[in-house]
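Below you'll find the structure, written out as C-alpha cells, and then a few comments.
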Amino acid sequence: MIKSMTGFGIAQIELEDLTVKAEIKSLNGKQFDCSVKLPNSLRNFELELRNVISEKIIRGKVDCLISLERKDSSSATNIKEESFINTYNYLLSLAHKVKADTSGLLEYVLCLPDLRNNESQMTEEEQKQTLLSVVNTALEELNRFRETEGKRLEKDFEKRIGVIAALLEKVPLYEQARCARIKERLYSNLKELDIAEIDENRLEQEMIYYMEKLDITEEKVRLRQHMDYFLECMSKEETQGKKLGFITQEMGREINTLGSKANDADLQMIVVKMKDELEKIKEQLANIL
C-alpha cells in the first residue's frame, strides 16, 4: 500500500468552557519539516507534539495549528482590560489622524484574539492529554486522507506500468524486420564500395558480432523484471516512495538503452511512448511517502 504525502486532518474536543481544535496539513517534501503554531499557554508542549507528529507523518512538509476558543457568552470576562484599552486608544488616535470613521472600532477591537484570555484552567497534565488526544485524532484523519489519495495514485501507476508493458510486447513485432533492414543496409553500403572480392565467412562473422551489439533481449528482460518489482513494492505495507523512485531510474536506463540500440524508426516510436509514461510516473512519485 502506498500513501500520498499530501493530506489534511482536522479535529476538536469540546470541553465545558473551551474548544480545543487541531488542524494539520502535509505536503510533499524529501525530509520531515514541521511547523507548529500553539497558543502561549501550550508552548511547553511543542517538543512533545513535534515528536508525536514525526512518528505518524514520517516525511513531508507539515503545518500544525492548535487553537483554543472559550465558550463564555460574557465577552467582558475574557477581555484583557489593560491591553484592550491601550489597543483601542491607539487605533482611535490613528483614526482621528486620518479622519476615518470610528463607529465600528469597538466591535473590531473586541474581536481581536490577542486581547482575550484563552488560557485554560486545566492542570498541566490535563492540558497535555487533551492536546495529544485532539492531535492524534487529526493525524488519523490526515492519514486516512493520505491512504485514499495513495489508492488513486496506485491505480494510476498500475495503468501506466500496463501501458509500458503493452508497448514492450510490441517490440518483437519489429525486431526481425529491423535486423533484416540493418543487414540489407550494410550489404548495400559494401556494394557501393565496389570491392572486387569479399571474404564471405569473415563478413558473416562481423555481421553476427554487429547484430549481437544491437541485440536488446537483455534490456527487455530487465525492464520486465523492474516493472514486476515496481508493482510488488506497491503492495507492501511499509512506505515505498524512495524505493519506487529507484526502480523507475532503473526502468529509465533500460528504456534508454533500448532507444540507443534500436536503430529503427518504429522501435524509436515505441521507446518515446515508454519514456512519456515513465515521466508521468516519476512526476507522481514525488508525492509518495
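The values are calculated or read from the model by the stated rules, or taken from the named source; none is laboratory data. Here the structure is a predicted model, which means the values were calculated and not measured. Note that we place each Cβ from the backbone using ideal geometry, even for glycine, and neighbour counts take in every protein chain shown.
Some notes on this structure:
- Any hit, the stretch 120-132, residues being of a type outside the set (Lys, Arg), in a helix (DSSP H, G or I), surrounded by fewer than 19 Cβ atoms within 10 Å (Cβ to Cβ) and at pLDDT below 80: yes
- The residues in the stretch 61-95 that are at pLDDT 85 or above, of a type in the set (S, T, N, Q) and in contact with a strand residue (DSSP E or B) (Cβ under 6 Å, 6 or more places away or on another chain) can be counted, and the count is 1.
Residues are listed down the side, and each one gets a yes or a no for (1) modelled with pLDDT of 90 or more; (2) under 30 Å from ARG59 (Cβ atoms); (3) of a type in the set (S, T, N, Q); (4) surrounded by 11 or more Cβ atoms within 10 Å (Cβ to Cβ):
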{"position": "ARG202", "(1), (2), (3), (4)": "no, no, no, no"}
{"position": "MET207", "(1), (2), (3), (4)": "no, no, no, yes"}
{"position": "GLU212", "(1), (2), (3), (4)": "no, no, no, no"}
{"position": "ARG222", "(1), (2), (3), (4)": "yes, yes, no, yes"}
{"position": "CYS233", "(1), (2), (3), (4)": "no, yes, no, yes"}
{"position": "THR239", "(1), (2), (3), (4)": "no, yes, yes, yes"}
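- Among the residues making up the stretch 13-28, those that are at pLDDT below 85 and of a type outside the set (D, E, K, R) are LEU15, LEU18.
- Boolean, LYS37 is of a type in the set (Lys, Arg) and farther than 21 Å from GLU124 by Cα: no
- Scanning the stretch 262-274 for residues that are buried (at least 17 other Cβ atoms within 10 Å of the Cβ) and part of a helix (DSSP H, G or I) yields ALA262, LEU267, ILE270, VAL271, MET274.
- The residues on offer are GLU154, GLU147, and the sole one that is touching a helix residue (DSSP H, G or I) at 6+ places or on another chain (Cβ under 7 Å) and either assigned to a helix (DSSP H, G or I) or at pLDDT 95 or above (or both) is GLU154.
- The stretch 264-282: number of residues that are of a type outside the set (A, V, I, L, M, F, W, C) and either farther than 30 Å from ILE58 by Cα or modelled with pLDDT under 90 (or both): 6
- Close pairs from the stretch 265-289: first under 13 Å from THR248 (Cβ atoms), partner hydroxyl-bearing (Ser, Thr, Tyr) and part of a helix (DSSP H, G or I), Cβ under 9 Å, at least 6 apart: LEU278/THR248; ILE281/THR248; LYS282/THR248; LEU285/THR248
- Verdict on VAL98 being of a type in the set (A, V, I, L, M) and modelled with pLDDT of 85 or more: yes
- Filter result (exposed (fewer than 12 other Cβ atoms within 10 Å of the Cβ) and either under 20 Å from the mean Cα position of the chain (by Cα) or part of a strand (DSSP E or B) (or both)) within the stretch 31-52: GLN31, SER35, LYS37
- Qualifying residues in the stretch 215-261 (those that are outside any helix (DSSP H, G or I) and among the β-branched types (Val, Ile, Thr)) - the one farthest from ARG185 (Cα to Cα): THR239
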